[in-house]
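I have placed the structure first, in the form of structure tokens, so that the comments after it can refer back to it.
Just so it is clear, none of the values below were taken in a lab; they were calculated from the coordinates. The model shown is predicted, which means the values in this text are computed figures rather than measured ones. Cβ coordinates were reconstructed from backbone atoms using ideal geometry, including for glycine residues, and neighbour counts include every protein chain displayed.
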């Protein structure tokens, strides 16, 4: 992750609360972003989480717990 450059780490299709979702994990500068878009009831919901790349491994389980407990009404 060099200064200001975008680097796509992963691009994943998944389900969140039974709804189709798409998750992008990418680096910009010294931050890693987990950007999840969820399709539900004709709308898109976005869950945007990030941390410094140096501690992303510790933060990722917390980000994933947020997604796994999310309820789309």
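Brief remarks follow.
- Test result for residue 35, surrounded by 11 or more Cβ atoms within 10 Å (Cβ to Cβ), assigned to a strand (DSSP E or B) and either in contact (Cβ under 8 Å) with a residue 60 or more places away in the chain or out of contact with any helix residue (DSSP H, G or I) (no Cβ under 9 Å at 6 or more places or on another chain) (or both): yes
- For the range 40-54, the set of residues classified as in contact with a strand residue (DSSP E or B) (Cβ under 9 Å, 6 or more places away or on another chain), over 19 Å from residue 6 (Cβ atoms) and exposed (fewer than 15 other Cβ atoms within 10 Å of the Cβ) consists of 41, 44, listed by residue number.
- Checked against (1) in contact (Cβ under 8 Å) with a residue 40 or more places away in the chain; (2) closer than 25 Å to residue 5 by Cα; (3) touching a helix residue (DSSP H, G or I) at 6+ places or on another chain (Cβ under 7 Å), residue 16 passes all but condition (2).
- Test result for residue 27, touching a residue at least 24 places away in the same chain (Cβ under 8 Å) and in contact with a helix residue (DSSP H, G or I) (Cβ under 8 Å, 6 or more places away or on another chain): yes
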